[in-house]
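The values are calculated or read from the model by the stated rules, or taken from the named source; none is laboratory data. Fair warning: this is a prediction, and the values are worked out from it, not measured in the lab. No Cβ is skipped: glycine too gets one built from the backbone with ideal geometry, and neighbour counts run over all protein chains shown. Accessible surface areas use protein heavy atoms only, side chains included; no ligands, DNA or RNA. Shrake-Rupley method; radii C 1.70, N 1.55, O 1.52, S 1.80 Å.
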Amino acid sequence: MKIHLQTGDGQNIIRNYGPGQVAVNQDIYSRSIIVLPERIVDDWPPQLFGDLAAEHFDSLAALAPELVILGTGRQLRFPPPMVTAPLVQQ
């Protein structure tokens with residue numbers, strides 16, 4: 001096995017996460033964010049799982065992500081299919 005340092009030159013790297021926060025590169029965020037390889041959207045409106053709505057997934061779909069990881073807190077939860085439909089359709 002080879003072990004080497006990944007610097008992520010020019011790309012965002014999630015370094016750590018914990019209750020109510022995520023560390024991306026050298027910054028710690030304690031609100032909902034979208035992490036893209038080249039930028040961070042730090043004003044994503046839903047702050048609680050119950051706030052998630054289809055329009056939030058519309059905005060995600062517009063970014064054409066390859067993968068979406070949705071942090072839902074201590075408990076693993078899945079939004080209703082009608083909420084995630086815009087992303088699934090994309």
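Things to note:
- Peptides ranked, highest mean first, by Cβ atoms within 10 Å: ranges 79-90, 59-70: 79-90, 59-70
- Across the range 59-74, coupling constants 3J(HN,Hα) worked out from phi with the 6.51/-1.76/1.60 Karplus curve, θ = phi - 60°, read 5, 5, 4, 5, 7, 6, x, 7, 8, 10, 10, 10, x, 10, x, 4 Hz, and Gly and Pro carry x.
- Solvent-accessible area per residue in the chain equals 79 Å², computed with a 1.4 angstrom probe and all protein chains kept.
- Only Lys, Arg, Asp and Glu carry charge here, each on its Cβ (+1 for the first two, -1 for the last two); on that basis the chain has a dipole of about 420 debye about its Cα centre.
- Per-atom-type breakdown for the chain gives carbon and sulfur 54% of the accessible area (1.4 Å probe, protein chains only).
- Once C-alpha pairs closer than 8 Å and six or more residues apart are averaged by separation and normalised to the residue number of the chain, the relative contact order reads 20 percent.
- A simple rule links phi to the HN-Hα coupling: the Karplus curve 6.51 cos²θ - 1.76 cosθ + 1.60 with θ = phi - 60°, which for the range 34-43 gives 10, 9, 10, x, 10, 7, 10, 9, 9, 10 Hz, with x for Gly and Pro.
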